[in-house]
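A short write-up of the structure that comes next.
The values are calculated or read from the model by the stated rules, or taken from the named source; none is laboratory data. Because the structure is a prediction, the values reported are computed rather than measured. Please note: Cβ atoms are built from the backbone with ideal geometry, for glycine as well, and neighbour counts cover all protein chains shown.
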């Protein structure tokens, strides 16, 4: 990428700094933008600017929204006795696509990761305490995933609830064999989780 014209190299460098986009993919995107009519390319650029200017963080759940509170938090039909804790906004979107959960959410803004220097002060635990202190929440549902960082975060939350809000029940999404999966093809950790979180039938 050394021989690229300076304006093109600048765009490639900016794009390749994004997660999941390498230099070759960045170059393809940049060349695609160059081939677009000027008005359309300008529209893409304006949409990126609008993304920053028109979105804000919901003061209630810390998700992205056009206004605060967001439409989910402002919905009077949501169950205020349940709070689902997710790491990032895209996890909230995935939960909503199921159309099964009718409680409220809180986006932590990431997961605890001692190796990466992500500590409790960097995440939305104070906002969690604020919600729990209102006394409306009866169940906290952890939808954090099954990674090592997710387990670390879940353990921290469990200790927080037990020490400060013992009347709040805490649960987590079931883990184990996916629908359509066969036991013989599962890895050891998945089988351990499946056995640990087995259900009565």
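What single numbered condition from (1) surrounded by 14 or more Cβ atoms within 10 Å (Cβ to Cβ); (2) modelled with pLDDT under 95 fails to hold for residue 85?
(2)
Under 8 Å between Cβ atoms, at least 6 apart or on separate chains: pull out the pairs that start in the stretch 17-43 with a residue that is in contact (Cβ under 8 Å) with a residue 40 or more places away in the chain and end on any residue that is not in a helix (DSSP H, G or I).
Qualifying pairs under 8 Å: none.
Identify all residues within the stretch 61-76 that are touching a residue at least 24 places away in the same chain (Cβ under 8 Å) and within 25 Å of residue 165 (Cα to Cα); write none if there are none.
Matches in the stretch 61-76: 61, 62, 63, 72, 73.
Identify, by number, the condition in (1) part of a strand (DSSP E or B); (2) more than 23 Å from the chain's Cα centre (by Cα) that residue 81 doesn't meet.
Failing condition for residue 81: (2).
Which residue out of 42, 94 is out of contact with any strand residue (DSSP E or B) (no Cβ under 9 Å at 6 or more places or on another chain), more than 26 Å from residue 167 (Cβ to Cβ) and not in a strand (DSSP E or B)?
42
Could you count how many residues in the stretch 127-143 are farther than 16 Å from residue 166 by Cα and out of contact with any helix residue (DSSP H, G or I) (no Cβ under 9 Å at 6 or more places or on another chain)?
1
Going through the stretch 188-201 one residue at a time, which ones are over 26 Å from the mean Cα position of the chain (by Cα) and either within 22 Å of residue 138 (Cβ to Cβ) or surrounded by 11 or more Cβ atoms within 10 Å (Cβ to Cβ) (or both)?
199
Which of the residues that make up the stretch 170-187 are closer than 24 Å to residue 153 by Cβ, without any contact (Cβ under 8 Å) to a residue 12 or more places away in the chain and within 25 Å of the chain's Cα centre (by Cα)?
Residue satisfying the conditions is 178 alone.
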